[in-house]
Each structure stands twice: as C-alpha cells, then as structure tokens.
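These notes are about the structure you will find just below.
Laboratory data are not the source of any read-out in this text; all were calculated from the coordinates shown. Since the model is a prediction, treat every value here as computed from it, not as a measurement. When we count neighbours, we look across all protein chains shown, and the Cβ atoms used for this are built from the backbone with ideal geometry, even at glycine.
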Amino acid sequence: MNNIDKIKAAVKNSEADALMITSEANRLYAAGFHSTAGVVVVTAEKAWYFTDSRYVEAAEKEIQGAEVLIVDREETYSKRINKIFNDDDIKVLGVEDERLTYSEFTEWSAKLTAKLLPSQKLLIDLRAVKSRDDLGNMIKAQRISEKSFEEILPLISAGITEKELAAELMCRFYKNGADDKSFDPIVVSGTRSSMPHGVPTDTLIQKGFLTIDFGVKLGGWCSDTTRTLCVGKPDDEMIRIYETVLNAQLAGIAEAKAGVKGCQIDGAARRVIENAGYGNYFGHGFGHSLGLEIHEAPNASPSNDGEIPEGAVISAEPGIYIPNRYGVRIEDVIYITQDGCENITTLSKKLLIV
Ligand code: GLY
Ligand code: MN
C-alpha cells in the first residue's frame with residue numbers, strides 16, 4: 001500500500017471528510033515528492049496535489065495516486081480547494097494543527113468553506129510505522145554516514161579543529177552519495193564533550209573524549225549516529241563511564257520490542273546509569289524516532305507512556321555528561337519488530353583510542 005492509500009484509509013476511519021496536508025515533510029510523506037510550496041488534499045477515495053508553476057511539471061511526472069492541479073494568482077489554493085469541497089461535499093477538513101502557524105490557521109479558517117478539525121495525530125501515527133522499503137532507504141543512508149565517519153578517523157590525530165572535522169565529514173557525506181546532512185554534525189572534544197548538543201568550534205581537537213553525532217539524508221530519509229572516541233589514553237573513570245553508557249544502550253535495546261512503552265525502554269537504560277551513580281548526568285531521553293525528519297514521534301523517553309509500534313525506527317542514544325569535565329554518548333538506530341528489534345547501525349562500539 002502506498003502512503004496516499006494509507007492516508008485514504010485513515011481518513012475513512014476518522015471524523016473528517018478529507019485531510020489537508022500543508023507541511024513540507026508530510027507532503028513528502030504523502031506524495032513522495034518534495035516541493036517548498038504545495039497542498040495535498042486526501043479523502044477516503046481521492047487525492048489532489050496543488051502546487052504552482054515552479055513545481056507542476058515535475059509533480060505531474062513524479063506523483064502517482066494524486067491528481068496534480070496548478071494554482072496561480074487567479075486560481076488560488078483556497079479557490080481550487082473550495083471547488084473540490086463543493087464537488088465532493090467535503091464539510092469537515094482535518095488539518096495539521098501541530099504544523100500550521102496561528103496566522104495560517106486563521107487564514108485557512110477564513111477562506112475555506114469546510115470546518116477545520118485538528119487531525120495531526122492521524123499523520124503522526126502513520127509516519128511512526130516504517131515499511132521494509134522505508135527501512136531499506138534508511139539503511140542506505142546509515143551506510144553512507146558510517147563510511148564517511150570511517151574516512152575521517154585518520155584525520156583526528158593530525159591536529160584539526162572541531163569545525164574542520166565537521167566540514168571534512170560533511171564533504172564526505174556528499175562524495176559518498178548523500179543528498180544532504182540530516183542535521184548539523186556535532187563535534188565536541190575535551191571538556192566541551194560534556195555538552196550533548198555542543199556546536200563545533202575553531203579550537204583544535206582536545207585530549208579526552210571526542211563526541212561526533214552525525215547523519216545524512218538520502219531520498220528524504222535520515223540517518224543518525226553518535227560515536228564517542230578518546231583522544232589520548234583514557235583514565236579508569238573515563239573507561240567506567242564509557243562502559244556504563246554502552247551497557248545502558250544495550251539494556252535499552254534489549255528492552256525494545258513492539259508494544260513496549262517508550263518510558264520502559266528509556267527506564268531500562270536509565271537504571272543502568274543510575275545504578276552506576278551517574279543518574280544526574282543523563283538529562284535527555286533514550287531515543288527519538290526518525291524517518292523523513294530527524295526527530296519524529298514516538299520517543300523512547302521518560303514522558304512517553306505510549307506503546308512503541310512494530311515498524312518504528314528509533315535512536316538508542318543514552319549518555320553521561322559531567323559539566324566542565326567530559327561526556328559520552330553512543331547512538332545506534334533500531335527497527336522495532338514483533339519480537340525485539342534490529343540494529344541498523346554497524347559501526348563498532350568498542351572505545352576507539354586515537
Ligand atoms: N543526533 C542528533 C539528535 O538526535 O538530536
Ligand atoms: Mn539522535
């Protein structure tokens with residue numbers, strides 16, 4: 001079943017007569033076509049993709065399962081969409097309440113003839129479940145980022161700044177076939193490794209832990225990986241912290257399975273870190289879903305008591321961060337199955353000393 005068909009089935013089971021999809025990521029999910037401007041409308045039986053002259057030719061060639069209609073200054077989005085509402089008797093329109101700005105919501109409410117109904121959850125639930133094809137694309141993205149990471153390892157001991165290392169990594173993303181990065185790489189070394197989302201600076205890579213968090217986009221699909229290395233010899237506490245984070249990650253991965261709550265997966269990892277005495281130094285959740293965006297729902301976090309569905313792709317990324325000293329994070333990506341999960345990350349997790 002393609003995504004338009006999945007959305008049609010979800011609309012059929014909802015209180016809305018149609019769903020209007022306005023956000024870039026969800027339009028890409030629905031139609032498999034990327035544009036910076038467009039609107040998708042889906043009923044239980046039909047689908048339309050409205051866009052302007054910049055995209056219409058490509059949209060007509062690439063989009064399957066939705067009729068492509070052009071908008072312009074005369075035939076505006078609302079005019080075109082209202083005509084469909086009239087023809088197909090659409091009175092209640094599901095909208096992306098979590099993506100529309102207040103002014104967009106106000107404007108659509110004023111211009112469209114249908115009553116707007118918050119319906120984001122419908123898309124969130126569909127996107128939480130990745131097909132095997134989706135997974136195949138995410139694995140390809142993952143492999144490109146892993147190859148790129150391995151290629152920059154020889155540069156680390158040569159005396160290079162955090163920013164330069166990030167640039168070398170991004171350059172290899174594109175050379176190895178990626179379309180884009182999935183987020184700005186995090187490269188933090190020495191005492192700066194205690195900042196989970198620190199930004200690379202012009203300082204030379206320092207002795208101590210070096211955390212590199214990176215990912216690419218391929219065909220819209222994201223990858224996400226973190227590895228922490230040690231520059232120079234680690235002391236006993238550094239080794240203990242690294243092993244604790246790794247054991248926490250393995251405990252979370254062992255807990256991960258369809259139907260298990262997000263907070264249970266997080267809890268399994270968190271207990272390992274708490275038992276080792278570092279509970280105060282793990283401030284974020286165990287993992288987030290990813291797919292067409294780097295951060296998606298559902299999360300494997302303390303606040304998510306919802307069950308993780310079969311087919312979810314989530315990160316497994318516990319960490320310990322001791323301010324002004326150092327930090328460690330290890331991140332893999334896992335695919336949730338009926339019986340457990342498949343780890344799609346292949347990079348070694350043995351502490352690499354450079
Ligand atoms: N790896 C980046 C993030 O999860 O925010
Ligand atoms: Mn992540």
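For K130, the residues 5 or more places off, or on other chains, whose built amide H falls under 5 Å of its own are A312, V313. Note: relative contact order over the chain, using C-alpha pairs below 8 Å and six or more positions apart, is 14 percent. Less than 12 Å Cβ to Cβ from L250, Lys/Arg counted +1 and Asp/Glu -1: what total charge do the surrounding residues give? Net local charge, L250 excluded: -2. Taking a ≥ b ≥ c as the square roots of the eigenvalues of the Cα gyration tensor, the chain is prolate, since a/c reaches 1.5 or more and a/b is larger than b/c.
Between rounded, prolate and oblate, where does the range 196-292 land on the alpha carbon gyration tensor, with a ≥ b ≥ c its root eigenvalues, rounded for a/c under 1.5, else prolate if a/b exceeds b/c? Oblate is the answer for the range 196-292, as a/c is 1.5 or above yet b/c matches or exceeds a/b. The value of relative contact order for the range 1-59, using C-alpha pairs under 8 Å at least six residues apart, is 33 percent. If you take the Cα centroid of the range 286-305 and the Cα centroid of the range 211-257, the two points sit 17 Å apart. With a Förster radius of 35 Å applied to the C-beta separation of R240 and Q338, the computed FRET efficiency comes to 0.45. Taking other residues whose beta carbon is less than 14 angstrom from the beta carbon of H284, and scoring Lys, Arg as +1 and Asp, Glu as -1, yields -3. Partner lysines whose Cα lies under 28 Å from the Cα of K79, excluding those fewer than 8 positions away in the same chain, are identified as K6, K8, K12, K46, K61, K91, K111, K115, K121. Taking the charge dipole of the range 263-350 about its Cα centre, with +1 at Lys and Arg Cβ atoms and -1 at Asp and Glu Cβ atoms, the residue from I265, Y281, T346 reaching farthest to the positive side is Y281. List the relative contact order of the range 142-258 as a percent without decimals, with contacts defined as Cα pairs under 8 Å and 6+ residues apart. Averaging sequence separation for qualifying contacts and normalising by length gives 24 percent for the range 142-258.
Would you mind getting me the FRET efficiency between V92 and I70? Use the beta-carbon distance for r and R0 = 41 Å, nearest 0.05. Calculated transfer efficiency: 0.95. How about K207: which lysines have a C-alpha closer than 22 Å to its C-alpha, ignoring those fewer than 8 places off in the same chain? Within the straight-line cut-off, K207 pairs with K163, K233, K349, K350. What the phi angles of the range 260-271 give under the Karplus curve with 6.51, -1.76 and 1.60, with θ = phi - 60°, is a coupling list of 7, 5, x, 5, 6, 5, 4, x, 4, 6, 4, 4 Hz, glycine and proline written as x. Maximal additional length on extending the A158-K349 stretch stands at 66.5 nm, based on 0.36 nm per residue less the C-alpha distance. Counting charges near L347 (Lys, Arg +1; Asp, Glu -1) among other residues having Cβ under 14 Å from its Cβ returns a value of -2.
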